[in-house]
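Structure record follows, encoded as structure tokens.
The values are calculated or read from the model by the stated rules, or taken from the named source; none is laboratory data. Everything numeric in this text was worked out from a predicted model, so none of it was measured. Because the Cβ atoms are built from the backbone with ideal geometry, glycine has one as well, and the counts that use them run over all protein chains shown. Protein only, heavy atoms only, side chains kept; ligands, DNA and RNA dropped before computing areas. Shrake-Rupley method; radii C 1.70, N 1.55, O 1.52, S 1.80 Å.
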Amino acid sequence: MHILFDSEVTADPSLLARCWQGEETFALVPEKSGGSNDWIADKLNCLPDEHRRSRFVLLTSGSTGEPKLIVGLRERSEALVRALHELQQSEPAAETIVTLPLTYSYAFVNQWLWATVFKRRLVVTHGFRQPDLLRASLQQARDAMLCLVGIQVPLLDQNFSNEAFPGVLRVHFAGGRFPHEQLHAIRRLFPNARIFNNYGCAEAMPRLTLRPAEDAQEAANIGRPLPGIELNTSDTGELLFRSPYRAVGVVDRCGFMEITPDMWIGTGDLGSAVGDGTWRLTGRANEVFKRYGEKISLPLLLSTVLRNWSGQAAFYREMDAKGEEGHALMLTPHPSETQVRTILKAFAAEFGRAHWPLRLESVSEMPLLPNGKVNVAALAKITDKSLHWYQR
Amino acid sequence: MHNREKLKSLLVDVFLLEPAEFRFDMTREEVPTWDSLGVVSMAVGIHQTFGYHFTPEEALAIQGVPDIMKLLETKGISFDA
């Protein structure tokens, strides 16, 4: 089985096209992943014979940081791309500008595969690693579709604060919390774009729901399931799905696990039905916990932070001195004393002290995973950080 | 820094008060953030700042800033202007 690395396909996307057209199953993985090349090769050897043809394999680390390989069926993903094209009204889009690694299922399916199936132009950038190249691509955009993650919005604002990119027609968000609080900035940057909140996970390969930004007034609303997709919740509140577009299997440290049509698959998120056909997320399964008997929801706390802070923000969890579960807040860039007070006062106004962070810290640059999400596991290990406030 | 200023700085930080709204005659009822966990944070802060560890009974009996000052003064910590 052929293993493609993201730098190879970024340099020459036609490599990916050749693998897609070939019969043999191939893997597309980032250079810096949670698994070594030997680990990936070893795990690919776990694939049953029937999955060694017409499949593709992506690597995901998820928020837990434990790598796993997701095995997709090419014809299913092409069918999903066609469904998304209709639902997202993508026909007017002539090109797509890639700002995320193509190894990320979101960029791979929504952008590379869409461009391949519908014969649209694929513009590969290096995202904010090369902001000038990204700016040039956005300035030259002609009827472009853009796929972003929420954490890129402060970077857009910082790098292109006085600019607008009228050639972008569609802006999609996925891979984390929808940046509802920054919609005004997004609309200023992309005045002609329709904005969508996409939700899914790697096992869904990757899309489950879709919502035009204007259809809800809160970040947590993920919209309606795509036709054919069913959502449900487990006894513990975890959002589950069944999808005709799902991955066919997962390979993790335990080996290969087939995903069958009748299986309800966990998303790792907590969620609930709203009642109007839409669904809302209430947190990651590992982002809601008890502290001094109170239910702490980190996504809810993050909403409060982002109403009062235009930079990046993330929580990481740790025990406090009394052995109670707690959480610390990390900001980027470094805040002023007034900004720190504003955020803390907002916590005080909206929540009891059990919800307040143990510390408010900042770093000059947020550690990110290859897919653009915050590397939460790395936050706790950062030594070069500023401490602005702590709970005694 | 004088002990009065140290105490003000501590309580402003623990209870997230604006420096301008702080008064040395403030009562617990006037400070919404002076909840039960706030009492614990305040007691830890007093220990860190003044070296005296409130007993749980002392901490819970405190009804305002004057009580803190009175209690600490009995331990030899002066708040004379």
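Could you give the nm distance between label points at A:Ser272 and A:Ser364, where each point is 7 Å from its Cα heading toward the beta carbon?
That separation, rounded to one decimal, is 4.4 nm.
Can you work out D for the range B:3-74 in µm² s⁻¹ from Stokes-Einstein, where Rh is the Kirkwood radius over C-alpha pairs, the temperature is 37 °C and the viscosity is 0.692 mPa s?
Numbers: Rh = 12.0 Å.
The diffusion coefficient I find is 273 µm²/s.
Report ³J(HN,Hα) in whole Hz for each residue of the range A:320-329, in order, from the Karplus equation J = 6.51 cos²θ - 1.76 cosθ + 1.60 where θ = phi - 60°; Gly and Pro get x.
8, 5, 9, x, 9, 4, x, 8, 10, 9
Thinking of the range A:186-250 as a set of Cα atoms, what percent of all their pairs are more than 12 Å apart?
Numbers: 1491 of 2080 pairs.
Every Cα pair in the range A:186-250 considered, those over 12 Å come to 72 percent.
Output the pairs from B:Lys6/B:Lys75; A:Lys290/A:Lys373; B:Lys6/B:Lys70 with a Cα-Cα distance over 22 Å in this structure; if there are none, say none.
Values: B:Lys6/B:Lys75 16 Å; A:Lys290/A:Lys373 25 Å; B:Lys6/B:Lys70 15 Å.
Checking Cα-Cα distances, A:Lys290/A:Lys373 exceed 22 Å.
Please give the average number of partner chain Cβ atoms lying within 10 Å of the Cβ of each residue in A:51-58, rounded to a whole number. Intermediate values should be presented prior to the final figure.
Working: counts 0, 0, 0, 0, 0, 0, 0, 0.
Average neighbour count from other chains, rounded to a whole number: 0.
How much FRET efficiency would the formula 1/(1 + (r/R0)^6) give for B:Glu5 and A:Arg253, where r is the Cβ-Cβ distance and R0 is 60 Å, rounded to 0.05?
Details: r = 57 Å, r/R0 = 0.95.
Working from the Cβ atoms, E equals 0.60.
Measure off 7 Å from each Cα along the Cα-to-Cβ vector at A:Lys381 and A:Glu294, then give the distance between these two points in nanometres to one decimal.
For A:Lys381 paired with A:Glu294, the spin-label model returns 3.2 nm.
For the range A:141-280, compute Rg over Rh where Rg is the Cα radius of gyration and Rh is the Kirkwood radius from the inverse mean 1/r over Cα pairs.
Numbers: Rg = 16.8 Å, Rh = 16.3 Å.
Reported Rg/Rh, Kirkwood definition of Rh: 1.03.
Hey, got the average number of other protein chain Cβ atoms within 10 angstrom for residues in A:352-360?
On the way: counts 6, 12, 3, 0, 5, 0, 0, 0, 0.
The shielding value for this peptide is 3.
Equivalent ellipsoid semi-axes for the range A:1-144, as square roots of 5 times the alpha carbon gyration tensor eigenvalues: give them largest first, rounded to whole Å.
Here the semi-axes work out to 26, 19, 13 Å.
On a full-extension model of 0.36 nm per residue, what is the gain between A:Glu218 and A:Asn159, subtracting their alpha-carbon distance, rounded to one decimal in nm? Present the calculation step by step, with values, prior to reporting the outcome.
On the way: separation 59, 0.36 × 59 = 21.24 nm, distance 2.60 nm.
Roughly 18.6 nm would be gained on extension.
Please work out the C-alpha center-to-center distance from the range A:190-226 to the range A:327-392 and express it in whole Å.
Cα centroid to Cα centroid, the span is 27 Å.
Once the principal axes of the Cα atoms of the range A:334-392 are found, what is the range along each, listed largest first in whole angstroms?
Over the range A:334-392, Cα extents along the principal axes are 36, 21, 20 Å.
In whole Å, largest first, what are the principal axis extents of the Cα atoms in the range A:259-351?
Sorted from largest, the Cα extents of the range A:259-351 read 54, 34, 24 Å.
If you take every residue apart from A:Val123 with its C-beta less than 15 Å away from the C-beta of A:Val123, what net charge results, scoring Lys and Arg +1 and Asp and Glu -1?
Values: positive: A:Lys119, A:Arg120, A:Arg121, A:Arg135, A:Arg142, A:Arg170; negative: A:Asp12, A:Glu95, A:Asp132, A:Asp143.
Its environment carries a net charge of +2.
Only bridges with both residues in the protein assembly as shown count here: give the DSSP antiparallel percent, nearest 5. Each step should come with its number before you reach the end.
On the way: 53 of 79 bridges.
So the antiparallel bridges amount to about 65 percent of the total.
Over the alpha carbons of chain A, what is the largest minus smallest coordinate on each principal axis, giving the biggest first in Å?
Taking max minus min along each principal axis of the Cα atoms, chain A gives 61, 47, 45 Å.
Per the 1.4 Å probe, what fraction of the accessible area of the range A:265-392, in percent, lies on carbon and sulfur atoms? Please list the in-between numbers first.
Values: 2900 of 5620 Å².
Looking at the range A:265-392 in its full context, I get 52 percent from C and S.
About its Cα centre, how strong a charge dipole does the protein assembly as shown have in debye, to the nearest 20, once Lys and Arg get +1 and Asp and Glu get -1 at the Cβ? Could you put the intermediate results ahead of the total?
On the way: 50 positive and 57 negative charges, 150 e Å.
The dipole magnitude comes to about 720 debye.
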